[in-house]
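Computed from the coordinates by the stated procedures, all read-outs in this text should not be read as laboratory data. Treat the numbers as computed from the prediction; the structure is a model and nothing was measured. Neighbour counts run over all protein chains shown; Cβ positions are idealised from the backbone, glycine included.
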Amino acid sequence: MSGNAALLPFVDEHATVVAAPPMPVWEALLRAVEGMTAGAASGRFARLLGCADTAVAGPRPLAIDAVFPGLKGRAYRTLVIGTRMHVLVTNRVLDSVRRRAER
């Protein structure tokens, strides 16, 4: 890992085979993640978690941001990762990216 990624806590790892070249896969992944994070609800959700940055902003392509600070962060990690919701959502995103990239 490079940069700040080495400092992030390990959550889990997911993979899927995509029958498409790397660039369409990357573009499909960026569209999927942007669609999940750019809506009006994302700002409200960020405020609920106590995030310092709640507006849609930042570098594109999206930067790594997976730290779970404080009590709200631990609660989020417990609810999302502890309940396997992360696995379900991640697998859904990967399937969506695969379908979009293979089109």
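Numbers at a glance
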{"read-out": "Helix-only [θ]222 nm of the chain, DSSP H runs n ≥ 4, -39500 (n - 2.57) each, per residue, nearest 500", "value": "-17000 deg cm²/dmol"}
{"read-out": "The chain: most fluctuating residue of Met36, Met23, Met85 per GNM, C-alpha cutoff 10 Å", "value": "Met23"}
{"read-out": "Among (1) 40, 39, 21; (2) 40, 36, 30; (3) 41, 28, 26, the entry that matches Cα extents along the principal axes in Å as calculated here", "value": "(3)"}
{"read-out": "Dipole of the chain [Lys/Arg +1, Asp/Glu -1 at C-beta], most positive-end residue of Ala38, Pro24, Leu8", "value": "Ala38"}
